[in-house]
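Remarks on the structure that follows.
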Amino acid sequence: MNAKSKNGMEMQSYEDSPYLIEIETLKDSGSIRSVFGAIKTQLHEATIQINDDKLEILQADPTHMVLVHLELFARNFHSYRCNQPIKIGLNLVNIDKILKCVQAKDQLTIFVEDPQHANYSNDSALTYPFGFMVQRSEKSEIRKILITPMEPSDELYQTPNLDCSAYEIEMPSADVCDIINHMKAMGGQVVHIIYNKETLTFFTKGENGQAETNRYRSMDNESNMNVKKSTKGDSEIISIYVNLQKLVEFIKCTTLSTIVTLYLNNDTPLIMVYKVGTLGTIKLGVATRPKPDDW
């Protein structure tokens, strides 16, 4: 039996606990609600893996255009106990509906009940009952929600290789959100992203016109755009085309973090990384596409 507190120390064993997994957060309930709401746009169904070290989703969307990698680390939770590794399939659309009741100040516990301690032996769908417990101290209220799991996927995916990117660009997430929404207003389907001579350019055109935004690296204001050149990347100029609608969906993560990091390279997926409160990160990768014929 394994249990870890926020500082990584082993916690007391709970031999009589009704839970195989019990993960508790005191101040990041809103982040968990928001990240599942953002993921369900890409994945209606997903396989969650929980082990001693983290809660993880690593899965592509049905078109294999987008890869989602969510990692919430055991060391960052208020308490984290995992008696055995578990892989569970869940409907994220339903999870999102359920978590809408969670407020930022709520204490949220993610759990998997031990079938030996629960009265679900006659229900095969609840072999490993997965759920959430929402505690509201100001109301002296506890809500316990059990969710019917799905068959987990056996498909394997590789984690995004950030080391292959030529550039790592940090920007305020609100600024990226504003730029992408400006691109969306043009009514187009594709965004051309260019990085050249310390300038990051977003360009699109559609039925409403065309738009271009240039973001300049400034030594006087590094928070404006912080750029790191990879020693492994061999490209000086980046020029890629990506699906605009996917970026519109990605910026739903803006509320999670004040900073977003873009990993850019030619002929490889664009990867955007957001922090999930203090718990971990979500990486969203979208495949590049050819230049549109009418451009």
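The values are calculated or read from the model by the stated rules, or taken from the named source; none is laboratory data. Everything numeric here is computed off the predicted structure, so don't read it as measured data. We place every Cβ from the backbone using ideal geometry, glycine too, and count neighbours over all the protein chains shown.
Look at (1) touching a Ser or Thr at 6+ places or on another chain (Cβ under 9 Å); (2) of a type in the set (D, E, K, R); (3) not assigned by TED's automatic domain parsing to the domain that holds Gly187 and you find that Asp293 fails only one, number (1). For the range 196-224, taking the residues that are on the phi > 0 side of the Ramachandran plot and surrounded by 11 or more Cβ atoms within 10 Å (Cβ to Cβ), the one that is modelled with the highest pLDDT is identified as Gly209.
Matching residues to (1) surrounded by fewer than 19 Cβ atoms within 10 Å (Cβ to Cβ); (2) at pLDDT below 90; (3) part of a loop (DSSP other than H, G, I, E, B):
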site	(1), (2), (3)
Arg81	no, no, no
Ile88	no, no, no
Ile98	yes, no, no
Cys101	yes, yes, yes
Asn119	yes, yes, yes
Val134	no, no, no
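Inclusion of Tyr263 among residues that are touching a His at 6+ places or on another chain (Cβ under 6 Å), under 17 Å from Thr201 (Cα atoms), outside any loop (DSSP other than H, G, I, E, B) and not assigned by TED's automatic domain parsing to the domain that holds Gly30 is not warranted.
Inside the range 26-52, residues that are part of a helix (DSSP H, G or I) and of a type in the set (Lys, Arg) make up a count of 1.
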